[in-house]
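S.K.: One structure, as C-alpha cells, below. Some questions next.
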Amino acid sequence: MRLGIIGLSGSGKATVFEALTGNRIDAARRMEAHVGTVKVPDPRVDALSAMYQPRKTTFAQVEYLLPGRQSGGAEKNRDPNLWVPVRDCDALIHVLRHFGVYGLKAPDPVADFNALNEEMILADLVVVEKRLERLAQDKQRGRKIDGEEMDLLEVCRGHLEAETPLRRFPELGTHPKLRGFALVSAKPMLVLFNNEDDDDRLPAADGILTAETGMVLRGKLEQELAQMNPEEAEAFLTEFDIQASAMDRVIARSYELLGLISFFTVGEDEVRAWTIRRGTSALDAAGVIHSDLKQGFIRAEVVSYDDLMAAGGLAEARKQATLRLEGKTYEVKDGDIVHVRFNV
C-alpha cells in the first residue's frame, strides 16, 4: 500500500511525513521527493511469531510518498505535472493546516481543502478531455474505438465539470477501462487536520467531514514522538494523553478507507502478514503469495487467528475441526491463517 501526502504550502506535509515514518528530512533536500516505508504494527504477527519461532518474521508494509516541493511557492502557478508522482498511489493523505503561524493568516482548513480539491478536479479534467479528444479524432478517421471507454469518460467529464471529485463514484475510479488513467480525484482520501500541540479536537469543518474521512493529528508533537526510543515514547504518550502513535492511527484509518485486511502464513521458515482487499477469494489471495500457488491451486487450509490461538497449534486446531479446507471461491477473512495446497 502506497499513500501520497498532499497539501498546500505551509500545511506541515513534511512534519506529518516525519511523524509517520520516523525519517528526518535534511534541510538541503526539502525540494526532493521522499519515500518512507514502515511496517504495519500487528500484535497478531508478534503472537504467531512467538508460537512458531520462525527464522524470519515479516510484517505488512506501508509506503508514504512526500512529493518534491516546487520552487516559486505560488500555489495558483503550480505545474499540473505536480500530480504525476501521486498518480500511482493507492490513496491520498490530505494535510490541512489547523495551527497558527506568525505572519500568516488564521488557519482556514475548509478554504484550503477546497483550493486543492479544485486543483485535483482540474488536473483530471485535462486528462479526460485530452483522451476524449483523441477518441473523437480516431472515430472521425474511421478507426475503431472503445465505445464503453468513451461513455465512461463522458460521465467523468460531467462530474468534473460539476466540480465533483470522482472519489464520490468509486465504480468509476476502479473501473478496469479507467484504471490506467490514475485519476487523482478518484483516489480514496484521508483528511488530516494538522492541529496545535494542545488541541486534539476536530475543527468546525462540516463541509469536509460530511463527505470525507477525517482525523486530527498534532503534527509537531507526533514528529517529536517518532524520534524517541520506546521508553521515552511511552512516557510521552501518557503525558499528552495520546492513545496510539500517529503511524498506528493513520495506518488503521487507511486500511478502513481502502477496505484492506490482513491474512497470515505461518511455519518454521517464516511468519508473514499479507495485505488484501476485503472480499478477496482464496484463489486470488494465493496469487498474492505467489503466482504458482494461484496457477496450481487445489485447496486452502484455513483457520482463524482466534481459533488457532485457542487451540495452541495447527494440529490441535485440526482435531477441534476449526482448521478446515476451503475452495477457490472462499472469501478470506481478516486474521485467517492460510496454507495453500497446490500442484504445478
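The values are calculated or read from the model by the stated rules, or taken from the named source; none is laboratory data. Only a predicted model underlies this, so the values are computations on that prediction, with no experimental measurement involved. As a convention, Cβ positions derive from the backbone with ideal geometry for all residues, glycine included, and neighbour counts pool all protein chains shown.
S.K.: Scan segment 17-33 and report the pairs whose first residue is within 24 Å of residue 245 (Cβ to Cβ) and whose second residue is loosely packed, with under 12 Cβ neighbours inside 10 Å and among the hydroxyl-bearing types (Ser, Thr, Tyr), with Cβ atoms within less than 7 Å and a gap of 6+ or a chain change.
M.R.: none
S.K.: Within the bounds of segment 313-336, is there any residue that is surrounded by fewer than 13 Cβ atoms within 10 Å (Cβ to Cβ), in contact with a strand residue (DSSP E or B) (Cβ under 9 Å, 6 or more places away or on another chain), modelled with pLDDT under 95 and among the polar types (S, T, N, Q)?
M.R.: Scanning segment 313-336 turns up no residue that is surrounded by fewer than 13 Cβ atoms within 10 Å (Cβ to Cβ), in contact with a strand residue (DSSP E or B) (Cβ under 9 Å, 6 or more places away or on another chain), modelled with pLDDT under 95 and among the polar types (S, T, N, Q).
S.K.: Do we have any residue at all in segment 208-216 that's under 30 Å from residue 108 (Cβ atoms), charged (D, E, K, R) and surrounded by 18 or more Cβ atoms within 10 Å (Cβ to Cβ)?
M.R.: The answer is yes; a qualifying residue exists.
S.K.: Now for a different question. Could you list, in sequence order, all residues of segment 260-280 that are part of a loop (DSSP other than H, G, I, E, B) and of a type in the set (A, V, I, L, M)?
M.R.: 266
S.K.: If you go through segment 177-208, how many residues are out of contact with any strand residue (DSSP E or B) (no Cβ under 8 Å at 6 or more places or on another chain) and among the aliphatic types (A, V, I, L, M)?
M.R.: Adding up the residues that qualify gives 5.
S.K.: Given the options 247, 189, 228, name the one that is over 30 Å from residue 156 (Cα atoms) and either buried (at least 16 other Cβ atoms within 10 Å of the Cβ) or among the charged types (D, E, K, R) (or both).
M.R.: The conditions single out 247.
S.K.: Of all residues in segment 32-48, how many are of a type in the set (D, E, K, R) and either in contact with an Asp or Glu (Cβ under 8 Å, 6 or more places away or on another chain) or within 17 Å of residue 17 (Cβ to Cβ) (or both)?
M.R.: Summing the residues that are of a type in the set (D, E, K, R) and either in contact with an Asp or Glu (Cβ under 8 Å, 6 or more places away or on another chain) or within 17 Å of residue 17 (Cβ to Cβ) (or both) in segment 32-48 gives 2.
S.K.: When only residues in segment 251-275 that are among the β-branched types (Val, Ile, Thr) and farther than 25 Å from residue 4 by Cα count, which is surrounded by the fewest Cβ atoms within 10 Å (Cβ to Cβ)?
M.R.: 265
S.K.: Tell me, please, whether a residue that is over 18 Å from residue 272 (Cβ atoms) and hydroxyl-bearing (Ser, Thr, Tyr) can be found in segment 304-315.
M.R.: no
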